[in-house]
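Asker: Dropping a structure here in structure tokens format, bear with me for questions.
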Amino acid sequence: MPPSRLIDFCAVWDAGVFLASAAGKGAPSGVPGRRLNEAETLNSVREAQFQRLEAERPRRPGCGVRGPVLRMAGQPPPWAYTAILLCALSLGRAIEIPMDLSQPPTITKQSVKDHIVDPRDNILIECEAKGNPAPSFHWTRNSKFFNIAKDPRVSMRRRSGTLVIDFRSGGRPEEYEGEYQCFARNKFGTALSNRIRLQVSKSPLWPKENLDPVVVQEGAPLTLQCNPPPGLPSPVIFWMSSSMEPITQDKRVSQGHNGDLYFSNVVLQDMQTDYSCNARFHFTHTIQQKNPFTLKVLTTRGVAERTPSFMYPQGTASSQMVLRGMDLLLECIASGVPTPDIAWYKKGGDLPSDKAKFENFNKALRITNVSEEDSGEYFCLASNKMGSIRHTISVRVKAAPYWLDEPKNLILAPGEDGRLVCRANGNPKPTVQWMVNGEPLQSAPPNPNREVAGDTIIFRDTQISSRAVYQCNSSNEHGYLLANAFVSVLDVPPRMLSPRNQLIRVILYNRTRLDCPFFGSPIPTLRWFKNGQGSNLDGGNYHVYENGSLEIKMIRKEDQGIYTCVATNILGKAENQVRLEVKDPTRIYRMPEDQVAKRGSTVQLECRVKHDPSLKLTVSWLKDDEPLYISNRMKKEEDSLTIFGVAERDQGSYTCVASTELDQDLAKAYLTVLADQATPTNRLAALPKGRPDRPRDLELTDLAERSVRLTWIPGDDNNSPITDYVVQFEEDQFQPGVWHDHSRFPGSVNSAVLRLSPYVNYQFRVIAINEVGSSHPSLPSERYRTSGAPPESNPSDVKGEGTRKNNMEITWTPMNATSAFGPNLRYIVKWRRREAREAWNNVTVWGSRYVVGQTPVYVPYEIRVQAENDFGKGPEPDTVIGYSGEDLPSAPRRFRVRQPNLETINLEWDHPEHPNGILIGYTLKYVAFNGTKVGKQIVENFSPNQTKFTVQRADPVSRYRFSLSARTQVGSGEAVTEESPAPPNEAYTNNQADIATQGWFIGLMCAIALLVLILLIVCFIKRSRGGKYPVREKKDVPLGPEDPKEEDGSFDYSDEDNKPLQGSQTSLDGTIKQQESDDSLVDYGEGGEGQFNEDGSFIGQYTVKKDKEETEGNESSEATSPVNAIYSLA
């Protein structure tokens, strides 16, 4: 097996390890990602890092407080950004042809489009290209062939197209200014460079001039013009005095973008110096100075205050054009007394806060990297206490062409189809011109396999003869873009382009990328396998890029092993192997602490490190960010640094650096040395207390399916010991951006095992707490997603309640992210009527409610809600009883009103037969009445369990009318109405003596008694009518033959007897008057005793003596008797 090698830059890079290629060739074998670089420039990088860290936490020497434990916060060294960029570009670029295969030329290096050169040096115009066979080069100048052989000063570098113009033997560089273009050609095509505009730097001398003193009135505005000579590039302008002292600038005196010096108002102190404009030229590194201005300020008794006016720009409005991607600089300089303040605004919107910054004491607004959205109207407002004015600047954003889709090399197999796309945008819209091998496509020989469709060239059934280099030129009035893309037709089986059996060592839990560069035509498909297993690695924790790189998103111990990449096309296959070793991170778990020591004492700084045993550990110390010289008063051990006989010069910061060849960790503490008399007994008591600094450098280790260890570095406690740590988490699925408390730990720990739920993309942060308060939250940790599982619980607070009388709404509290356990959390809702025991109805719901319709009124239902995700269902849910919607209840049953005495009335009732819901109470309404008089209605509300109530009467005379109804949540139902009984008579008589003495009452009683008497008499007579009576009239009236007559001589009394008796008369008042008869009722009775009761009722038995009947025969009296009168009334 070949010797193991470390992979190149792109193999491994993230927050843990960055391996350099070709270990052992002078470069470091491993560079930490989140730790400091251990290359030869370690000191300079450390300096930059420490300056940044110190800026985050200012400290006064000797403050004696506990410092932060320093751990690098994720800033890689500067050179690493370039490597990251190159790595990112390599992932997206097209597959390149190995140089041992035939291919058209490709430009690899060229000078910039605007090439400005120093006239003192030789001119170099770069142009390099690759191809097989190696390309030849030639140049054009101002669009004409440039014959290098005819000019002895011009030469071309060997195996390159770079031009060298040598002036050592004389000549003027200005003679070679112009536009150059390089052509690289081989038998398969021609590639072109950009058109390079060559200009020679110029730094002309300032014209000599005599400047008269500038006379100005005190308080007046003043502009000192610079007018520097035009240079190439433009010089840098600054103002100084003739004695080379810089001019102090503020909001009253400042330099404009054009180089002029503006005074918003002149004061007497401005005469104390002169003013000279200086121009610094870039290439010559020379400074030219203009003759100085001197001021003469005329004083007055008082300076009049003035409203602002603009010195630059003039007027109230102006316009400005800027190109996309450039910086926009807007400037407003105003005069006035007092000096005006400048504020900036954009009409119809806000200034872009991420790109806008104010310069020159708010007199200038700079917007970086301008885009089309930055066009519009801006205005500056100049104001002082005398007033304000404003100037509007209309900004138009134009754009030189920029790529939307740059054409890329096209590698095809014979007979394949393909296309080249050239899409660009700009303002105005750029035009696209296609060329082939440097010539316009229109003049090229026709190709039946090629079709041009605007910005696209389509190739069909390509053959070997189709090989060429195509150029796309997109241009508008503001610039151009030129791109080369070749079409290569090859038939090549797969091949691997990287060394075999590479070794990659990475730090645990970091992101890692394994490279497998390959080539083939047709383009092969690439697959990755681990440890010879048959399953392809793609998806989940793995991602395969188009160029064949395999990314492992988070390295774990089980990811260690041998990875095989296999490239396959129709011509064959090729494979390569990469061996991955996973190493534990280097961590300082016992860090040095800030200390306050008495001079002459001994101090020990701890630094205990945990690291991977297979890596070599080196522990070193820095003092004040410089390597510490270990003197004879110091003792350096593996886990500590001891300083004997502490002196004042030992005061400062001490940093422990623990590093391996793959990563590094730092921890920092501050030592304060006190004089003998200044040693406090309690240093913390003498120092101000504050909230702790935020914890830092959160790290996740020991990752498991349901747990993880979180480690953090405590922040400064600010003289108040940390008592607690609160760990919070955030997940990005259900409530992204919302932090929840996870757990709480004592302030003595900085590492804890956290219990996790399945399928949660966790991110953690830590808050420190002391007696003063809480720190700011730490920066969040990296994310860790646990694997999924079926839910282990079901939603809580399941309810079934009706919102209408014919429905039931089933609701529950939805499960949160930590109980979902998997994607697509949903709920299986089941229900059925409780009494019917029918089959379960079910539906799947993604929300937290479901409405069952068309239900009977207030019927109990059995309800179950079960959680389910893509991994399965949760446990069997509990059954909950719910009810459909309620309605108004029926009336209470058996409403009874009893009156045991004259003081109270007792009410009793039973519950309604049909409650139609949950009874929430009863409503009783009652009112007292006495005749036509009605009292105020009283309302009483009772609990649903109350079925009795006692009413205290207001008086013993009035009666009461009661109305009782039952209530549900819907409202009050049907009411039942009853009245109280009338009071007893005796009680009424005894208690109403005052009424009985009234005259109207006595008369009423008499009338009632008379009416009762008459009614009794009428009733008696009615009872006696229709009987047979032996009556013989005294009037001699012969009986007619038609008259009915019984054998015994009596008459059958009939309706005709209701007629008045003959011989009687009726008075006007309706009574019967007696005419002739002197007979009395006594004659018809059985005796002569009284025939009537005291109350006027008839008590005698009306009979006719038989013997009298016999003697009198048919004779009758013509006189009308009282009985006859009664008959007539009846």
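The values are calculated or read from the model by the stated rules, or taken from the named source; none is laboratory data. The structure presented is a predicted model; accordingly, all values stated were derived computationally and were not measured. Using ideal geometry, Cβ is built from the backbone for each residue, glycine included, and neighbour counts are taken over all protein chains shown. With ligands, DNA and RNA removed, areas are computed over all heavy atoms of the protein, side chains included. Shrake-Rupley method; radii C 1.70, N 1.55, O 1.52, S 1.80 Å.
Asker: Please find, among Val322, Val297, Val266, the residue that is touching a helix residue (DSSP H, G or I) at 6+ places or on another chain (Cβ under 7 Å), crowded, with 18+ Cβ neighbours inside 10 Å and touching a residue at least 40 places away in the same chain (Cβ under 8 Å).
Answerer: Val297
Asker: Residue under question is Tyr883, and the condition is that it be among the aromatic types (Phe, Trp, Tyr), within 30 Å of Pro795 (Cβ to Cβ), open to solvent by less than 50 Å² (accessible area, probe 1.4 Å) and within 52 Å of the chain's Cα centre (by Cα); does it hold?
Answerer: No; evaluated as a whole, the condition is false for this residue.
Asker: When you scan segment 626-653, how many residues do you find that are surrounded by 13 or more Cβ atoms within 10 Å (Cβ to Cβ) and assigned to a helix (DSSP H, G or I)?
Answerer: 1
Asker: Quick one: Ala928 ticks every box in (1) within 30 Å of Pro758 (Cβ to Cβ); (2) in contact with a Phe, Trp or Tyr (Cβ under 7 Å, 6 or more places away or on another chain) bar one, so which box is it?
Answerer: That leaves (1) as the condition not met.
Asker: Filter segment 676-695 for residues that are charged (D, E, K, R), closer than 29 Å to Ser751 by Cα and at pLDDT below 90 and give the result.
Answerer: Once the filter is applied, which keeps residues that are charged (D, E, K, R), closer than 29 Å to Ser751 by Cα and at pLDDT below 90, segment 676-695 yields Arg683, Lys689.
Asker: From the list Ser394, Ser353, which one is in a loop (DSSP other than H, G, I, E, B) and either touching a residue at least 60 places away in the same chain (Cβ under 8 Å) or open to solvent by 30 Å² or more (accessible area, probe 1.4 Å) (or both)?
Answerer: Ser353
Condition check ((1) open to solvent by less than 70 Å² (accessible area, probe 1.4 Å); (2) farther than 20 Å from Thr512 by Cα) across all residues:
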| site | (1), (2) |
| --- | --- |
| Lys573 | no, yes |
| Val578 | yes, no |
| Asp584 | yes, no |
| Glu593 | no, yes |
| Leu605 | yes, yes |
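Asker: Filter segment 179-238 down to residues that are more than 30 Å from Asn473 (Cα to Cα) and touching an Asp or Glu at 6+ places or on another chain (Cβ under 6 Å), then give me how many there are.
Answerer: Summing the residues that are more than 30 Å from Asn473 (Cα to Cα) and touching an Asp or Glu at 6+ places or on another chain (Cβ under 6 Å) in segment 179-238 gives 3.
Asker: Hey, among the residues in segment 524-554 that are among the β-branched types (Val, Ile, Thr) and at pLDDT 90 or above, which one's nearest to the chain's Cα centre (by Cα)?
Answerer: Ile552
Asker: Being at pLDDT below 90 and over 30 Å from Ala817 (Cα atoms) narrows it down to one residue among Asn719, Asn750; which is it?
Answerer: Result of the check over Asn719, Asn750: Asn719.
Asker: Output the number of the condition that Asp405 fails; it satisfies all remaining conditions of (1) open to solvent by 30 Å² or more (accessible area, probe 1.4 Å); (2) touching a Gly at 6+ places or on another chain (Cβ under 9 Å).
Answerer: (2)
Asker: Sort through Glu209, Glu175, Glu245 and tell me the only one that's open to solvent by 30 Å² or more (accessible area, probe 1.4 Å), in contact (Cβ under 8 Å) with a residue 60 or more places away in the chain, more than 30 Å from Val436 (Cα to Cα) and not aromatic (Phe, Trp, Tyr).
Answerer: Answer to the check: Glu209.
Asker: State which residue is farthest from Glu558 (Cα to Cα) when the search covers only segment 498-514 and only residues that are among the hydroxyl-bearing types (Ser, Thr, Tyr) and within 40 Å of the chain's Cα centre (by Cα).
Answerer: Across segment 498-514, the extreme among qualifying residues is Thr512.
One line per residue, one yes/no per condition, for (1) at pLDDT 90 or above; (2) among the small types (Gly, Ala, Ser); (3) closer than 30 Å to Phe949 by Cβ:
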{"residue": "Tyr827", "(1), (2), (3)": "yes, no, no"}
{"residue": "Arg837", "(1), (2), (3)": "no, no, no"}
{"residue": "Thr844", "(1), (2), (3)": "yes, no, no"}
{"residue": "Ser848", "(1), (2), (3)": "yes, yes, no"}
{"residue": "Val851", "(1), (2), (3)": "yes, no, no"}
{"residue": "Pro877", "(1), (2), (3)": "yes, no, no"}
{"residue": "Asn901", "(1), (2), (3)": "no, no, yes"}
{"residue": "Ile920", "(1), (2), (3)": "yes, no, yes"}
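Asker: Please determine, by comparing only the residues of segment 183-206 that are among the basic types (Lys, Arg) and farther than 15 Å from Ile116 by Cα, which one is least open to solvent (accessible area, probe 1.4 Å).
Answerer: This residue is Arg185.
Asker: For segment 229-239, name all the residues that are more than 10 Å from Arg280 (Cβ to Cβ) and part of a loop (DSSP other than H, G, I, E, B).
Answerer: Result: Pro229, Pro230, Pro233, Ser234.
Asker: Among the residues of segment 808-825, is there at least one that is over 31 Å from the mean Cα position of the chain (by Cα), farther than 30 Å from Trp739 by Cα, open to solvent by 20 Å² or more (accessible area, probe 1.4 Å) and not acidic (Asp, Glu)?
Answerer: no
Asker: Enumerate the pairs (first residue in segment 450-479 and more than 30 Å from Pro133 (Cβ to Cβ) and of a type outside the set (A, V, I, L, M); second residue anywhere and open to solvent by less than 10 Å² (accessible area, probe 1.4 Å) and not in a strand (DSSP E or B)) with beta-carbon separation below 7 Å, excluding pairs fewer than 6 apart on the same chain, so at least 6 apart or on different chains.
Answerer: Asp455/Cys422; Ser474/Cys422
Asker: Six or more apart or on different chains, Cβ atoms under 6 Å: show the pairs whose first residue is in segment 707-731 and closer than 24 Å to Thr586 by Cβ and open to solvent by 10 Å² or more (accessible area, probe 1.4 Å) and whose second is at pLDDT below 90 and in a strand (DSSP E or B).
Answerer: What qualifies is Arg709/Thr701; Thr711/Glu699; Thr711/Ser751.
Condition check ((1) modelled with pLDDT of 90 or more; (2) within 30 Å of Glu908 (Cα to Cα); (3) touching a Pro at 6+ places or on another chain (Cβ under 7 Å)) across all residues:
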| site | (1), (2), (3) |
| --- | --- |
| Gln969 | no, yes, no |
| Val976 | yes, yes, yes |
| Tyr988 | no, yes, no |
| Ala993 | no, no, no |
| Ala996 | no, no, no |
| Leu1004 | no, no, no |
| Ala1007 | yes, no, no |
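Asker: Quick one: which of Gly548, Gly520 is in contact with a Phe, Trp or Tyr (Cβ under 8 Å, 6 or more places away or on another chain) and under 18 Å from Gly572 (Cα atoms)?
Answerer: After ruling out the rest, the residue left standing is Gly548.
Asker: Same structure again: Would you check if there is a residue in segment 467-479 being among the acidic types (Asp, Glu), open to solvent by 20 Å² or more (accessible area, probe 1.4 Å) and modelled with pLDDT of 90 or more?
Answerer: Yes, there is a match, as at least one residue in segment 467-479 is among the acidic types (Asp, Glu), open to solvent by 20 Å² or more (accessible area, probe 1.4 Å) and modelled with pLDDT of 90 or more.
Asker: Additional query: Which residue out of Ala485, Ala413 is in contact (Cβ under 8 Å) with a residue 24 or more places away in the chain and surrounded by 21 or more Cβ atoms within 10 Å (Cβ to Cβ)?
Answerer: On inspection, the qualifying residue turns out to be Ala485.
Asker: Continuing with the same structure: Output the number of the condition that Cys565 fails; it satisfies all remaining conditions of (1) of a type outside the set (Ser, Thr, Tyr); (2) assigned to a loop (DSSP other than H, G, I, E, B); (3) open to solvent by less than 30 Å² (accessible area, probe 1.4 Å).
Answerer: Result: Cys565 fails condition (2) only.
Asker: A follow-up question, please. Tally up the residues in segment 269-289 that are open to solvent by 30 Å² or more (accessible area, probe 1.4 Å) and under 53 Å from the mean Cα position of the chain (by Cα), please.
Answerer: Of the residues in segment 269-289, 3 are open to solvent by 30 Å² or more (accessible area, probe 1.4 Å) and under 53 Å from the mean Cα position of the chain (by Cα).
Asker: List the pairs whose first member sits in segment 829-847 and is closer than 21 Å to Val857 by Cα and in a loop (DSSP other than H, G, I, E, B), whose second member is among the β-branched types (Val, Ile, Thr) and open to solvent by 60 Å² or more (accessible area, probe 1.4 Å), and whose Cβ atoms are under 7 Å apart, counting only residues at least 6 apart or on separate chains?
Answerer: Filtered contacts from segment 829-847: Arg834/Ile881.
Asker: Here is a follow-up. Yes or no: Arg159 modelled with pLDDT under 95, over 30 Å from Gly231 (Cβ atoms), charged (D, E, K, R) and open to solvent by 70 Å² or more (accessible area, probe 1.4 Å)?
Answerer: Yes; evaluated as a whole, the condition is true for this residue.
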